[in-house]
Amino acid sequence: MDPDRKFDPIEKERALQAESQTWDTTRVEQARREDIPVIDVSEYFDTDNEAALETAAIQLGEANRKTGFIFLSGHGVPQKSIEDALEQSTRYHQLPIKTKLDLRMDQPGFPITGAGYLPFKNKKLPHRPRGNLNESFLIKRDGDIALADNLWPADGKLPGFRKNVERFTNRLENLALRLLPIYARALNLEKTFFEPAFTDPFYRLRLTHYPDFSRDNSDQFGIAPHVDTTFFTLLVQDSPGLCIFSEERQCWLSVPMRDDAIIVNTGELLKYWSNDEFVSVKHFANNNLSGTSRYSIAFFFNANSNYRMTCIPSCCGPGRPARYPAISYAESQAVAQGE
């Protein structure tokens, strides 16, 4: 892309959708041990040691240049907290459908878009011609939107749900912010480089339920093939079902479970910001044929929504021009998603 050309978010969204339609997802292999890097950040988190920071940054940089996808261990989020959050998701999705539809996303009269309940076979997030075989509950936070401003089920109908989900969301935000120095050093920047961009980060939390389709054998996806349009995404899940594309092996891989790790994947906005230095990973959720419901929680993390991301200085220069214009989330993905 010519950096002098104005960024057209609608055109870019159409291009991403068109590209995803060309991906052949019919063959999926089991990931080998070496396919998905495991990065342990416990020493850096525990000590704030510069050598530990550099070690983690080198590993992260290598992983994001090759795969854009890692298992993060030593992250400091207690396993009990993850299990409790997944249990809250289960509780929500067991509510009567009418109660969930009362919180439906983008309903008339509610000022916040892109948050609330997304029913089965929805065609949003990502936009695709066929509906996704999942149901989700989403909350978001922005500069002028607090967690309390979202559509929440009444405490009388789901006691403790909001309190527990907010607590887990805050844990993930804290983890995401603690990762920023590692990302900065991985891109050969001062460790504080990203701080001004994340003083009031935009993020969205998605509690997703994939029902059992083993009897139906539907050929639709749990979530259609896409790349996340984020800085990065944190993900926890209670069982396998995620598939990613390996740029190294040029094939789709089924991602195994690791109870000791949180998944972190690079999104499209970090790919832009780094001038394609980092890879945004292609992925999808397959049909849930396990015989039981499957749950996942994704935390889509971005810079302040109005922060304009100008090409990272270590990723451009003489002989390597910026490929993308300076853009913010508000100018790009918020427009494409109708926010």
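A compact table of results
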item: The range 115-214: translational diffusion in µm²/s, Stokes-Einstein, Kirkwood Rh over Cα pairs, 25 °C, 0.890 mPa s; result: 154 µm²/s
item: Degrees, to the nearest 10: 50-66 long Cα axis against longest axis of the chain; result: 70 degrees
item: Coarse-grained scattering of the range 55-109 at q = 0.16, 0.25 Å⁻¹, given as base-10 log I(q)/I(0) from a Debye sum over alpha-carbon atoms; result: -0.75, -0.97
item: The range 1-51 shape via C-alpha gyration tensor axes, a/c threshold 1.5; result: oblate
item: Principal axis dimensions, largest first and in whole angstrom, of the chain by Cα; result: 59, 41, 41
item: Angle between the chain longest axis and helix 79-93 axis [Cα atoms, degrees, rounded to 10]; result: 50 degrees
item: Approximate spin-label separation PHE120-GLU43, in nm, with each point projected 7 Å along Cα-to-Cβ; result: 5.0 nm
item: Computed [θ] at 222 nm, helices only, for the chain once each DSSP H run of length n ≥ 4 contributes -39500 (n - 2.57); result: -8500 deg cm²/dmol
item: Cα-centre dipole for the range 9-305 with unit charges at Cβ (Lys and Arg positive, Asp and Glu negative), debye to 20; result: 1160 debye
item: Calculated on alpha-carbon atoms, Rg and Dmax of the range 192-339 in Å; result: 17.2, 58
item: Cβ-derived FRET efficiency at R0 22 Å, GLU247 paired with GLU54, nearest 0.05; result: 0.30
item: Amide H contacts of GLU29 (H built 1.01 Å from N, under 5 Å, at least 5 apart or other chain); result: TRP252, LEU253, SER254
item: Mean Cβ neighbour count within 10 Å, used as a protection proxy, ranking 185-193, 43-51 highest first; result: 185-193, 43-51
item: In the range 241-277, GluC sites (Glu not before Pro) in a DSSP loop with at most 16 other beta-carbon atoms within 10 Å; result: GLU247, GLU248
item: Stretch gain in nm, segment MET257-ASP106, where the contour uses 0.36 nm per residue and the Cα spacing is subtracted; result: 51.0 nm
item: Over 23 Å (Cα to Cα) - which of LYS12/LYS282; LYS12/LYS271; LYS123/LYS157 fall in this group; result: LYS123/LYS157
item: Intensity falloff of the range 150-277 expressed as log10 I(q)/I(0), Debye formula with alpha-carbon point scatterers, at q = 0.11, 0.19 Å⁻¹; result: -0.54, -1.35
item: Hydrodynamic radius by Kirkwood, which averages 1/r over all alpha carbon pairs of the range 24-71, in angstrom; result: 12.3 Å
item: Label-point separation in nm, GLN30 to ARG323, each point 7 Å along Cα→Cβ; result: 3.5 nm
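Since every read-out is calculated from the coordinates, none of them should be taken as a lab result. What you are looking at is a predicted structure, and each value in this text was computed from that prediction instead of being measured. Cβ atoms come from the backbone with ideal geometry, glycine included; neighbour counts cover every protein chain shown.
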